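Structure first, commentary second.
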Amino acid sequence: VIGRVRLQVDRLALNLPAKAVATSDELPVLVDTAPGIVGPLAGIIAALEWTNSTGAQWLASFPGDTPFLPYDLVAQLHAAAQRNAPVFAHDGARAHYLCALWPATCLKELRAGVTSRAWRSLYRVHDELGATCCVMTAAPYAFFNVNTREDLAEAERLAAGQISGGPN
């Protein structure tokens, strides 16, 4: 994932849950700070805090288990941005709410909605913040998600070009 997104952004960081213990010599590690909140929303809040500290106007988020993301994902999302609201990816069949651009200005509203437990899913957050859906031009495996050993084996076959349509 890092190789796929590094050239698409000015800065890159790794987000981890508060209970995880990890360091990176290569990237800043952002630890979830929202108490009692688990999952990707805590990571988005931590990343938006970091984004605001850097002075950047947008945060691009990506899942760490999706190794074939489009090399122009951020460009496509940015082109679909119509206003100061999030933009999320859609592959034509399904939404990918974590593949998104988030305006840095949404941190306060996002934190309030999540902390109050009114917003508990990425779908709800995007809906409440008036997000734009960006139908992506991408390879059919671009959002392939690796969660099991079988998925990993399939990803390795895709990467080796052993599955029709996979990268060479």
Check: Leaving out ligands, DNA and RNA but keeping every protein chain, what accessible area does residue 62 have, in Å² rounded to the nearest 10, with a 1.4 Å probe?
Finding: 40
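Divide by every residue of the chain the summed helix terms, -39500 (n - 2.57) for each DSSP H run of at least 4, and state the resulting mean residue ellipticity at 222 nm, rounded to the nearest 500 deg cm²/dmol. Before the final figure, lay out each step's value.
Values: 6 runs with 54 residues, N = 168.
That comes out to -9000 deg cm²/dmol.
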Note to self: If you average the C-alpha positions of the range 39-54 and of the range 56-113 separately, how far apart do those two centres end up, in angstrom?
What the structure shows: 13
Item checked: Per DSSP, loop trypsin sites (Lys or Arg not before Pro) in the range 94-168 with at most 12 further Cβ within 10 Å -> 94, 117
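Restricting to Cα pairs below 8 Å that are 6+ residues apart, what does the relative contact order work out to for the chain? Please round to a whole percent. Working shown, then result.
Numbers: 252 pairs, mean separation 36.0, N = 168.
It comes to 21 percent, rounded to a whole number.
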Item checked: Whole-Hz ³J(HN,Hα) from phi, Karplus 6.51 cos²θ - 1.76 cosθ + 1.60, for the range 120-134, glycine and proline x -> 10, 9, 4, 4, 5, 4, 4, 4, 5, 8, x, 5, 9, 8, 10
Notebook entry, point to check: Once phi is turned into ³J(HN,Hα) by the Karplus curve 6.51 cos²θ - 1.76 cosθ + 1.60 with θ = phi - 60°, what whole-Hz value does each residue of the range 3-17 show in order, with x for glycine and proline?
Noted result: x, 6, 10, 3, 7, 8, 10, 6, 9, 9, 9, 10, 9, 9, x
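Using +1 on the beta carbon of Lys and Arg, -1 on that of Asp and Glu, and nothing else charged, what's the dipole of the range 59-149 about the Cα centre, debye to 20? Don't skip to the end; give the middle numbers.
Values: 8 positive and 6 negative charges, 65 e Å.
For the range 59-149, the charge dipole is close to 320 debye.
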Next item on the list: Amide H neighbours of residue 58 under 5 Å, at least 5 residues apart or on other chains, H built in the peptide plane: list them.
Entry: 104
Check: How many percent of DSSP beta bridges within the range 5-123 run antiparallel, rounded to 5?
Finding: 75
Margin query: Under 5 Å between amide hydrogens, which residues at least 5 positions from residue 33 or on another chain qualify, with H placed 1.01 Å from N in the peptide plane?
Written below: 46
Next item on the list: Could you tell me which of 126, 8, 144 has its Cα farthest along the dipole of the chain towards the positive end, charges placed at Cβ (Lys, Arg +1; Asp, Glu -1), taken about the Cα centre?
Entry: 126
Next item on the list: For the range 1-127, state what percent of all Cα-Cα pairs lands in each successive 10 Å bin, counting from 0 Å until the bin that includes the largest distance.
Entry: 12, 47, 36, 5
Notebook entry, point to check: Out of the range 8-87, which chymotrypsin sites (Phe, Trp or Tyr not before Pro) are coil in DSSP terms and have no more than 14 other C-beta atoms within 10 Å?
Noted result: 71
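The values are calculated or read from the model by the stated rules, or taken from the named source; none is laboratory data. Predicted model only: the values in this text are computed from it and were never measured. Every residue, glycine among them, receives a Cβ derived from its backbone with ideal geometry; neighbour counts consider all protein chains shown. Note: accessible area is taken over every heavy atom of the protein model, side chains too, but ligands, DNA and RNA are not part of it. Shrake-Rupley method; radii C 1.70, N 1.55, O 1.52, S 1.80 Å.
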